[in-house]
Amino acid sequence: MVAAAPAGSSEARDRATHPTPALAAGSRTGRAWGEFLLAGGITPLLYPLSWLLRRKFGIDGPDLAVGFLMFHAAFVINDPHFTVTYCLFYRGFRARAFGGAIDPWQRARYVAAGVVAPVVLAAWGAAGLASSSPAVLGALIQGMFLLVGWHYVKQGFGAMIVLSARRGVRFTGRERLALLAHCLAGWAYAWASPADLGTEVEEKGVVFVTWVHPVWLERLTLAVLFGTAAVLLGVLVQKWRREGPLPILTPLTAMLCSVWAWSIYSSIDPLVVYVVPALHSVQYLYFVWLLRGNEAREREGPPWFDKPVRVRLAGLAVSALVLGWLLFHGVPSVLDDLLVPRRRRWVPPLGSTPYLAFFYTFVNIHHFVMDAVLWRRENSETRYLSQGVA
């Protein structure tokens with residue numbers, strides 16, 4: 001047992017500044033477990049919890065409770081995860097898109113994602129709304145369904161690369177290709193399965209017929225999925241033999257949950273399916289916190305002496321919350337109330353909430369497009385992701 005140093009002594013100050021090895025190790029372990037859970041590791045724990053709830057209370061009670069909880073959690077988790085992208089992407093947008101600070105290809109990506117994409121999406125949605133065409137607006141919605149799986153698995157791939165780098169693990173070009181191929185194969189199979197010859201569905205009040213997913217496409221994508229899984233396993237085994245045990249439990253869990261649990265088999269459990277969007281959003285927000293938190297800590301000191309970390313992160317959080325409410329609730333609700341005719345025993349061609357459907361789809365797709373530019377290696381700000389290693 002170590003005797004306590006007198007308060008105010010140099011020894012006490014030194015301990016406050018430099019924690020003992022045991023405390024530092026405990027802190028690192030806590031951060032590592034926190035990162036594991038936030039990056040996706042909580043997902044496997046939810047399946048036995050769901051089973052216990054259904055065994056004890058049946059399906060109806062837990063289904064209602066979890067659905068109700070996740071519906072309201074969307075206001076503070078799902079919606080801000082979309083809109084924080086706007087806060088990140090359009091900060092200093094003019095300099096990135098039209099200045100000379102970054103290379104021409106990256107500038108072109110910023111212009112495409114920040115100017116061209118929203119104009120195209122807005123024109124598409126306006127055409128559907130103006131013509132009251134479920135087919136036009138439904139095609140935009142189906143484009144969202146197609147891209148959401150791509151977005152999920154690409155985020156899982158990025159989580160694998162970044163979290164591995166935070167642990168000192170680097171991948172060769174061949175290894176990265178094997179990781180990415182499996183992620184994209186998971187997206188393809190998740191979209192192609194189950195086979196669908198065209199079904200009439202409803203989304204946010206808009207009724208449309210789904211795109212055809214033939215049986216041969218489902219079988220082909222399944223074969224590719226297992227083929228890429230075998231290749232990936234072989235690549236990881238070779239890396240382990242060459243470099244020894246790899247500290248990639250958290251990165252690999254983050255990627256596999258994104259591909260298998262959140263994309264391919266997202267509806268395998270009747271309760272966990274409600275939580276999947278929140279799990280994806282928490283993973284995303286964790287990387288936003290790493291990015292902006294580390295940047296804020298750097299800029300808190302010389303030569304910038306910027307605002308305190310808590311102030312900057314709180315401002316970002318509030319901005320995302322307010323913008324999320326406006327884009328997903330406030331603005332579309334006002335437009336639907338003002339512009340959609342209300343007549344007794346008459347349902348409009350696009351339902352009673354077409355502007356909600358449009359805003360929901362627009363923000364989703366634009367979020368996917370902006371992310372594809374924002375989180376690239378060419379973006380110099382991504383260096384902050386490797387700081388403060390867990």
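Computed from the coordinates by the stated procedures, all read-outs in this text should not be read as laboratory data. Computed from a prediction, not measured in an experiment: that's the story for all the values here. Reconstructed Cβ throughout: ideal geometry from the backbone, glycine too, with neighbour counts over all protein chains shown.
At-a-glance table
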quantity	calculated
Segment Thr199-Val115, length gained on full extension (0.36 nm per residue, minus Cα span)	26.8 nm
Positive-end extreme of charge dipole, the chain - chosen from Trp375, Trp325, Thr43 (charges on Cβ)	Trp375
Most mobile listed residue (Ala165, Ala101, Ala296) in the chain, GNM with C-alpha springs under 10 Å	Ala101
Expected 222 nm ellipticity per residue - DSSP helices of 4 or more, -39500 (n - 2.57), all of the chain, to 500	-22000 deg cm²/dmol
Distance from the stretch 322-383 to the stretch 226-276 (C-alpha centre basis), Å	31 Å
In nm, spacing of pseudo-spin labels at Ala101 and Val322 (7 Å Cα→C-beta vector)	2.3 nm
Pairwise label distance in nanometres, Leu313 with Glu300, each label 7 Å out on the Cα-Cβ vector	0.9 nm
From the coordinates shown, mean projected area of the Cα convex hull in nm² corresponds to which of [x] 23.1; [y] 26.6; [z] 17.7	[y]
Listed residues Ala190, Ala123, Ala320, most fluctuating in the chain (Gaussian network, C-alpha, under 10 Å)	Ala123
Total charge dipole magnitude, the chain, about the Cα centre, Cβ charges on Lys, Arg, Asp, Glu only, Debye to nearest 20	820 debye
C-alpha center-to-center spacing [the stretch 150-224, the stretch 54-97] in angstrom	21 Å
Acute angle (nearest 10 degrees) that the helix 117-131 long axis makes with the longest principal axis of the chain, alpha-carbon atoms	30 degrees
Gyration tensor verdict on the stretch 248-312 (Cα atoms; rounded if a/c is under 1.5, prolate if a/b is larger than b/c, oblate otherwise)	prolate
Rounded tilt (10° steps) of 134-165 against the dominant C-alpha axis of the chain	10 degrees
Charge context of Trp33, other residues only, Cβ under 15 angstrom, K/R +1, D/E -1	+3
